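**Q** Okay, here's the structure, questions in a sec.
Read-outs throughout are calculated quantities, based only on the coordinates presented, and are distinct from any laboratory measurement. Treat the numbers as computed from the prediction; the structure is a model and nothing was measured. Because the Cβ atoms are built from the backbone with ideal geometry, glycine has one as well, and the counts that use them run over all protein chains shown.
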Amino acid sequence: MHHYPDARAVVRAISPDEAVILNRPHAAARAARFFAEKFPGTSMYAVKANPSPDLIRVLWDNGISHYDVASIGEVRLVRETLGDAPKLCFMHPVKTASAIREAYFQHGVKTFSLDTLGELEKIVAATTTPEGAAAADLQLLVRLRVSSEHSELSLAAKFGVDLVDAAELLQATRQHCDALGICFHVGSQAMTPFAYVQALERVRAAIAEAAVTVDIIDVGGGFPSQYPGMEPPPLEDYFAQIHRHFEMLPISYSAELWAEPGRALCAEYSSIVVKVEKRRSDELYINDGAYGALFDAAHVDWRFPVVALEDDLTQPLADFAFFGPTCDDMDYMKGPFQLPEDIQSGDFIEIGMLGAYGAAMSTRFNGFGATRCFVVEDEPMVSLYTGRKDTRVSDNVVSLR
Ligand SMILES: *Cc1c(COP(=O)(O)O)cnc(C)c1O
């Protein structure tokens, strides 16, 4: 892959007519080392946030040895990328029997989550040998439904057993596993450590009610990154609160603490360079959008930091909205995105913090979407891990002038 110092160098070199993805392996490496060294337990990477094999290799090389996979496709991908060494945990609570069977018998996956008795029966049946020998080495984690009220993106509606039904499911699961765990997900981009404190209180209630021995507490994902208008407290505060409340749970003293960070490990990994194709008042028509790397900008009005890459723009910043390139009205990102007032058709923009749920979600709908990737060596626009808030940043929106 071609290396450049930064986005401006890419524009100077190739003046790209299609959106291009810029990757910063050093930023992902730093995030991985941070979690590996500072999270008071095991950090597994939630592959869905960005399944790029290059990224997965960077995380592995920097201390992430466990991977949260949600489909048989992700199981195969991590095995193809990293071989047999990493531990894979199949944490989607609804799986097909054939996916469980292949994961267990062909890929050595022993860890599964579930939120119903039906899924428990499915896992037990799919991991029993044709001769009728039941698996003796399963780690089964019961997914508990918790509140998403402190998070920007809810994960509360779809999965998780309600507290009132948790005791029965925990007791039934205990019969079939070597290690019993409880997991949850507080929702993505949790803006306060209190989200985990609240969830762990619910875990405590579930354990008390079920009166079972619990060996694993998995606090899931949700660790935040930094975006315009979203400034979370330091990750160390999250880790400290989680550790404190984990230690207070009525569990065996050898119990393990796990987490499944997705966003926090890869948000800083990628940005994209887009070109302005047309300007209509305060709306810029750019060549990536809702069907490209900007799904969240379009569908949940997520704001990403932006910077104009031209040297000849002299006006102060103004608020802009973006239209993506497809013929679809929904391909609209209201922002606001702050760019120099005199930006115009033909100018290039870098959009930052797209490593998580961004670059990885790009489609080829309508024939658009970034297909080329480059490595760049400069810092991401903002970083949680350097403590660095760019001096060019106001409200986390970046301008180079
Ligand atoms: C999406 C997901 C994650 C990752 O969540 P982030 O908010 O990106 O950290 C972790 N675990 C499960 C089960 C998920 O569905």
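**Q** So how much slack lies between Met191 and Gln175, counting 0.36 nm per residue of separation and subtracting their Cα-Cα distance, in nm?
**A** The Met191-Gln175 span can extend by a further 2.1 nm.
**Q** Still on this structure, please answer the following. Provide the FRET efficiency to the nearest 0.05 for the Lys38-Gln315 pair, computing r from the beta carbons and using R0 = 35 Å.
**A** 0.25
**Q** What's the center-to-center distance, using Cα atoms, between segment 329-361 and segment 221-290 in Å?
**A** 19 Å
**Q** What is the Cα radius of gyration of segment 40-260 over 2.2 N^0.38 Å, N being its residue count?
**A** Segment 40-260 yields a ratio of 0.98.
**Q** Within segment 240-258, name every residue whose backbone N is under 15 Å away from a label modeled 7 Å from Cα of Thr213 along the Cβ vector.
**A** 250-256
**Q** If you take every DSSP beta bridge fully contained in the chain, what fraction is antiparallel? Give it as a percent rounded to 5.
**A** In the chain, approximately 40 percent of DSSP beta bridges are antiparallel ones.
**Q** For segment 244-337, go through all pairs of different Cα atoms, get the mean of 1/r, take its inverse, and jot down that Kirkwood value in Å. Spell out each step's value before the answer.
**A** Working: mean 1/r = 0.0615 Å⁻¹.
Averaging 1/r across every pair of different Cα atoms and inverting gives 16.3 Å.
**Q** Roughly how compact is the chain, stated as its Cα Rg over 2.2 N^0.38 Å to two decimals?
**A** Details: Rg = 22.3 Å, N = 401, 2.2 N^0.38 = 21.5 Å.
So the chain has a normalised radius of gyration of 1.04.
**Q** At 7 Å along Cα-to-Cβ for each site, give me the label-to-label distance between Asp342 and Ala13 in nm.
**A** 2.9 nm
**Q** Taking 0.36 nm per residue of sequence separation and subtracting the Cα-Cα distance, how much length would be gained by fully extending the chain between Asp378 and Lys87, in nm to one decimal?
**A** 101.5 nm
**Q** Right, next: Counting DSSP beta bridges in segment 40-260, what percent are antiparallel, to the nearest 5?
**A** Once the DSSP bridges in segment 40-260 are tallied, antiparallel ones form about 10 percent.
**Q** Sticking with this structure for a sec: Would you mind classifying segment 62-172 by shape? Square roots of the alpha carbon gyration tensor eigenvalues, ordered a ≥ b ≥ c; an a/c under 1.5 is rounded, otherwise it is prolate if a/b is larger than b/c and oblate if not. It would help to have the intermediate numbers written out before the result.
**A** Numbers: a/c = 2.21, a/b = 1.19, b/c = 1.87.
Note, shape of segment 62-172 comes out oblate.
**Q** Under a Cβ-only charge scheme (Lys and Arg +1, Asp and Glu -1), can you give me the dipole magnitude of the chain about the Cα centre, in debye to the nearest 20?
**A** The calculated dipole for the chain is roughly 560 debye.
**Q** Now, a different point. 222 nm [θ] for the chain, helices only, -39500 (n - 2.57) per DSSP H run of 4+, per residue, to 500?
**A** -8500 deg cm²/dmol
**Q** How much length would be gained if the chain were fully extended between Ser254 and Ser65, taking 0.36 nm per residue of separation minus their Cα-Cα distance, in nm to one decimal?
**A** Details: separation 189, 0.36 × 189 = 68.04 nm, distance 2.01 nm.
Fully extending the segment from Ser254 to Ser65 adds 66.0 nm.
**Q** In sequence order, what are the phi-derived ³J(HN,Hα) couplings for segment 205-222 according to the Karplus relation 6.51 cos²θ - 1.76 cosθ + 1.60 with θ = phi - 60°, rounded to whole Hz, with x for glycine and proline?
**A** 5, 5, 5, 4, 5, 7, 6, 10, 7, 10, 9, 9, 10, 10, 7, x, x, x
**Q** Nearest 10 degrees is fine. How inclined is helix 163-174 to the longest principal axis of the chain, computing both from alpha carbons?
**A** Between the helix axis and the principal axis of the chain, the angle is about 60 degrees.
**Q** Filter Lys95/Lys158; Lys122/Lys158; Lys87/Lys122 down to the pairs with a C-alpha to C-alpha distance above 25 Å, please.
**A** Too far apart for the 25 Å limit: no listed pair.
**Q** Let me ask something else. Could you order the peptides 309-319, 16-26 from most to least packed, using the average number of other C-beta atoms within 10 Å per residue? Walk me through the numbers before you get to the answer.
**A** On the way: 309-319: 13.7, 16-26: 20.6.
Listed from highest to lowest mean packing, they are 16-26, 309-319.
**Q** Right, next: Just in segment 316-375: which trypsin sites (Lys or Arg not before Pro) are loop by DSSP and have at most 14 other Cβ atoms within 10 Å?
**A** Answer by residue number: Arg364.
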